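Working notes, structure below.
Only the coordinates and a few stated rules stand behind these numbers; no lab work does. Just so it is clear, the structure is predicted and the values come from calculations on it, not from any experiment. FYI the Cβ positions are ideal-geometry reconstructions off the backbone, even for glycines, and counts take in every protein chain you see.
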Amino acid sequence: QVQLVESGGGTVQAGGSLRLSCAASGRGFGDYVMGWFRQAPGKKREFVAALNYNGGETIYTDSVKGRFAISRDNAKKTVFLQMNSLNPEDTAVYYCARGPSSISVRTAPERYDYWGQGTQVTVSS
């Protein structure tokens, strides 16, 4: 059994910051890729960021490079997404997910098998 629970979402003004957390329970964390995705109303779920099992490799979608940072603490079974310089286009429900047991990160959502319930991020202009 694997459960992922996101937290840290909320409403912020443009230019503000939020830090999302994803706490995992059960087995299957320290040896897996972890990723963050987001979905805005009426749009498809899109990749945001991911990192490999020890955080040594990270990948970001172009629109968040330089603004977001993904990290993980395997001892606490938690993955984080620090979001800075937020803009209204970042408004979405953010989901964390468990990916493959691979040394390389993956960006395709179909490569992820467990998903959290999501946390809402709203950025006002």
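One table, with the values for the structure above:
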item: Net charge dipole size for the stretch 26-124 [Lys, Arg +1 and Asp, Glu -1 on Cβ; Debye, nearest 20]; result: 160
item: Distant alpha-carbon pairs in the chain (separation over 25 angstrom), percent; result: 16
item: For the stretch 26-65, radius of gyration divided by Kirkwood radius, i.e. Rg to Rh on alpha-carbons; result: 1.07
item: Cβ-based charge dipole, the chain, positive-most Cα from A14, T78, G66; result: T78
item: Nonlocal amide H pairs with F68, under 5 Å, H built at 1.01 Å; result: N84
item: Residue of K76, K44, K65 that the Gaussian network model of the chain assigns the largest fluctuation, springs spanning Cα pairs under 10 Å; result: K44
